[in-house]
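Single-structure report; data block below.
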Amino acid sequence: MSDERVIVVGAGIGGLTAALDMVARGCQVTLLERAAYPGGKMREVSIGDHAIDAGPTVFTMRWVFDGLFDTLGTQLEAELELEQVDVLARHAWSETERLDLFCDVQRSADEIGEFSGSAEAKRFLRFSEHARKVYETLELSFICAPKPGPIDLVRSGGLSGLTDLWQIKPFNRLWKTLGGYFKDSRLQQLFGRYSTYCGSSPFQSPATLMLVAHVEQEGVWLIKGGMARLAWKLASLAEARGVDIRYQSEVSEINCSAGKVNAVTLSNGERLHADAVVLNADPAALGAGLLGKAVTTAAPTVSRQARSLSAVTWNLATQTSGFPLLRHNVFFSDDYVSEFEEIFGQRRLPRKPTVYVCAQDRGGVDGDPIAGAERLLCLVNAPADGDLQDFTADELAACEAAAFQLLSNCGLKLQHSSEMTRVTTPVAFNELFPGTGGALYGQASHGWQASFSRPGARSRVPGLYLAGGSVHPGPGVPMAAR
Ligand SMILES: Cc1cc2nc3c(=O)[nH]c(=O)nc-3n(C[C@H](O)[C@H](O)[C@H](O)COP(=O)(O)OP(=O)(O)OC[C@H]3O[C@@H](n4cnc5c(N)ncnc54)[C@H](O)[C@@H]3O)c2cc1C
């Protein structure tokens, strides 16, 4: 690859790490980003004087970034201030039903014992052991490997690998498997929610997604100043190594000659020669024809039904009271079945949404109440149809009312004005990430084969490569960096 001219399209986490990798291999790298900032989904919004994370907030698998910063001759802690949280998240079902989970598994088991009884605590320990086993079985053979198929997974571990693979029950559904562990339906719901980290329904996801529970138990970190600092840091390290980053530069076409990629054209008409192009935009943009005719078939198309979750998010600067928020908080709907049936089946906003609240000014332990306005990201899941339909003002208002009513029912009172609120809908996510309909995690991981049908790094067009959370091994900040 040395001396080759590589163009990276998109400065999301996958694009930034690909650019760093290519420049380290001696390539001349230009990174073209349509937005005015790096990070893609790892973005922040401004409300008054407040900058608030509007994308990822749960930072896991830090070893991926430890390794990356190591190869760059530096260290993650030297470049960013990190803090590990004790409490992974505070979960609430009502004003009286609250459960904290800890990175210390035994501490979580003790809490679950208090919450649901000692038999459930024992079942949680068995579940955690299974989640660990799933993670360890798939770490090297799937997460860290170039895109494998099911046969490769078996081959990678030989006969004992087949036994291991069988034991992690790859063909079972997550919801059913959780039902086998937990008698308390609230715990089935809590651990089922981990499938939404991959933009999927707990009712359709394979049981292997329980590995997310193990990933969180291995550690969740906070980045001082917000997650967007990580993107800015990677961008500055890339520029210091010679990557030419151009913001507000949208690629409108990937050009080919004799069936091989040879250039890109920007929306202002400028054409840049490339020996290879790494596409960090969602590959759905290819099939949608947004990057020109020559590359429409470069990656498999994802049908509307196969898209992962989108979201409606509210960024707020608000006074809060009545509920001891931690950094990560989840408020659960009392009708989880309908929530996912409405999103994936009826393709409408859920009548009774589950709400995630990131309280960015809080740490992972109870602290003093925050005086004045504090920064929140509130998120509910939504169908990814942002390219096909917009919700009416009434539909959005009903969803917002249901979401904030749930918070209030659980004790959390907010006092926010519309001036101090920024709403992002699937339509807005589709505008930010073209071709996706607002899907935030590529295709949904529904059914056991779904993980194998994500595109790999090599596209069907010579010279065009794919990187990011919609590509193998899948979504999430550390996975997009793999
Ligand atoms: C609200 C929200 C919450 C999330 N929560 C978490 C979490 O807590 N933890 C976690 O690990 N993950 C979370 N995720 C998922 C995680 O953010 C993503 O999986 C990851 O950041 C995706 O990175 P990526 O490399 O795919 O690039 P993306 O972030 O998708 O960036 C792609 C970039 O390409 C640019 N682009 C697109 N088209 C063009 C073009 N034609 N020309 C030039 N540039 C173009 C876009 O502007 C964008 O900057 C969350 C995502 C969202 C949106």
Quick one: angle between helix 62-71 and the longest Cα principal axis of the chain, in degrees between 0 and 90, rounded to 10, please. 30
Looking at the chain, send over the antiparallel percent of its DSSP beta bridges, to the nearest 5. 70
Ranked packing of 185-192, 139-146, most packed first, by mean Cβ within 10 Å: 185-192, 139-146
Considering Cα pairs under 8 angstrom that are at least six residues apart, work out the relative contact order of the chain and quote it in whole percent. 22
Excluding residues on the same chain fewer than 8 positions from LYS122, give the lysines whose Cα lies under 24 Å from its Cα. LYS133, LYS169, LYS176, LYS183
Please order LYS233, LYS293, LYS133, LYS122 by the number of other Cβ within 10 Å, starting at the fewest. LYS293, LYS122, LYS133, LYS233
Order by protection proxy (mean Cβ within 10 Å, highest first), peptides 206-215, 107-116, 11-20, 381-390: 11-20, 206-215, 381-390, 107-116
With only Lys, Arg, Asp and Glu charged, each at its Cβ (+1 for the first two, -1 for the last two), find how big the charge dipole of region 1-123 is about the Cα centre; round to the nearest 20 debye. 560
Top positive-direction residue, dipole computed over region 400-482 with Cβ charges, set GLY456, ASN409, GLY469: GLY456
Residues whose modelled amide H sits under 5 Å from the amide H of ARG307, counting only those 5 or more places away in sequence or on another chain, are ALA444
Region 343-387 - charge dipole about Cα centre, Lys and Arg +1 at Cβ, Asp and Glu -1, debye rounded to 20: 360
Taking LYS233 as the anchor, which aspartates and glutamates have their alpha carbon closer than 18 Å to its alpha carbon, excluding any fewer than eight residues away along the same chain? ASP21, GLU33, GLU44, ASP53, ASP66, ASP70, GLU77, GLU79, GLU81, GLU83, ASP244
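No value in this document is a laboratory result; all are computed from the given coordinates. Because the structure is predicted, anything quoted here is derived from the model rather than measured. Cβ coordinates were reconstructed from backbone atoms using ideal geometry, including for glycine residues, and neighbour counts include every protein chain displayed.
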